[in-house]
Amino acid sequence: RPLDPKTKLIAAGGDNEWNQRFFDKLKRCMSPNFGGPDLVDYLSQIYYTGQNLPDVDYSDEQYYRVLQNSFGVEGGIATVDAFLKPLDAARQPWGINWLHLPEIGTPTIQLAILEWGTVHFMQRQTMREAVAHAIFLDRFHKWAARVSMASVFLNMVVQSQGDRLILTPTYHLYDLYLPHRGKQSVPVDVDCPRILGGGLARPEDSKGSGGAVAGSDVKDLPELPMLSASASLAEDGNELVVTVTNCHLTEPARVALAIVGGGQWRIASLRTLSAQSVRDHNTVENPDRVGVHARRVEGDPESLVVMLDPHSVSALVLKR
């Protein structure tokens, strides 16, 4: 760090017991002039769901279980956020006195989610992964003030078979979410039915992989919201991107957008990632079974009402 003050340092995080012990040790072992906890720019976390579940031949119950745990990642982020707030409050600019340098380091300790997603990553990726990963991305968007890095496991995006590449549903999900890039995350309040109440989500399906890469547990939920959504606003305020996921296996969803803040908006484009079956996946023989398709907005674009297919993810670009 003294050789390159612009270097950002990531601390290897885990559950709150580990994190507490780590920062307590850091406070004791390092002098204030050498940073202590203020030396840490990022705290790493790992979030996986769907331990040991089938990749394609899963039951409807197992589909919903993975989604319940995906929603539950927000509990994990909120727990770490609460742990970091006191450290943020006591944080001092590092290097000013000792190195006589301008303020360096991050203003707050950020979360670096170095691995995340469904854990059957060495197997086939179906439309379930696109829906589950959309839920993850929406949680990251919601916590954008804390989460500044999130790296999905590489095999979830592109897979190889011989000398051929297979673009997974998650690859197409990233393409669908691309319009969010460079925009400001804005709050989204989702009012929707809840489906599949009960105790399907199991803790054993929502833990880190164990060993050297053990991550924080993802908290299970007693029931599952039908919809997940996130939104971002362009710097000039004239373009709004909204991504909405219909988690239901069989029921379409009628979604009406209400934008707080005035102004007249219209839906300029609508793209949807979907498949005929939630168990559909791309192969070398059929590389386009799951993909993104542009759709025509039915009715008045200024009514801000769209119909979403079951187990699908849609991106709407709205303009003033």
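The values are calculated or read from the model by the stated rules, or taken from the named source; none is laboratory data. Being a predicted model, the structure only gives us computed values, none of them experimental. Note: ideal-geometry Cβ built from the backbone for every residue, glycine included; neighbour counts use all protein chains shown. Side chains included, ligands, DNA and RNA excluded: accessible areas come from the protein's heavy atoms. Shrake-Rupley method; radii C 1.70, N 1.55, O 1.52, S 1.80 Å.
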How about the stretch 25-52: which of its residues are at pLDDT below 85, buried (at least 18 other Cβ atoms within 10 Å of the Cβ) and within 22 Å of the chain's Cα centre (by Cα)? 48, 49, 50, 51
Mind checking which pairs have a first residue in the stretch 55-69 that is touching a residue at least 60 places away in the same chain (Cβ under 8 Å) and a second that is crowded, with 24+ Cβ neighbours inside 10 Å and in a helix (DSSP H, G or I), Cβ under 6 Å, 6 or more apart or different chains? 63/128; 66/132; 67/132
Just checking, does the stretch 287-310 include any residue being loosely packed, with under 13 Cβ neighbours inside 10 Å, part of a loop (DSSP other than H, G, I, E, B), β-branched (Val, Ile, Thr) and in contact (Cβ under 8 Å) with a residue 60 or more places away in the chain? no
Filter the stretch 169-197 for residues that are open to solvent by less than 40 Å² (accessible area, probe 1.4 Å) and within 25 Å of residue 60 (Cβ to Cβ); the one that is modelled with the lowest pLDDT is 195
Scanning for something part of a loop (DSSP other than H, G, I, E, B) and closer than 22 Å to residue 194 by Cα, does the stretch 254-270 turn up at least one residue? yes
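When you look at residue 273, is it farther than 17 Å from residue 319 by Cβ, at pLDDT 95 or above and in a strand (DSSP E or B), yes or no?
Working: farther than 17 Å from residue 319 by Cβ: yes; at pLDDT 95 or above: yes; in a strand (DSSP E or B): yes.
In short, yes.
Test residue 88 against the criterion of being surrounded by fewer than 19 Cβ atoms within 10 Å (Cβ to Cβ), within 17 Å of residue 116 (Cβ to Cβ), modelled with pLDDT of 90 or more and not hydroxyl-bearing (Ser, Thr, Tyr), and give yes or no.
On the way: surrounded by fewer than 19 Cβ atoms within 10 Å (Cβ to Cβ): yes; within 17 Å of residue 116 (Cβ to Cβ): no; modelled with pLDDT of 90 or more: yes; not hydroxyl-bearing (Ser, Thr, Tyr): yes.
Judged against the criteria, residue 88 is not a match.
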Residue count for the stretch 123-166, restricted to those that are of a type in the set (Val, Ile, Thr) and assigned to a helix (DSSP H, G or I): 2
Quick check on the stretch 94-112: of everything there that is at pLDDT 70 or above and not β-branched (Val, Ile, Thr), which residue is most open to solvent (accessible area, probe 1.4 Å)? 107
Going through the stretch 145-165 in order, the residues found to be buried (at least 17 other Cβ atoms within 10 Å of the Cβ) and aliphatic (A, V, I, L, M) are 147, 150, 152, 156, 157
If you check residue 64 against the conditions, is it under 19 Å from the mean Cα position of the chain (by Cα), assigned to a helix (DSSP H, G or I) and aromatic (Phe, Trp, Tyr)? yes
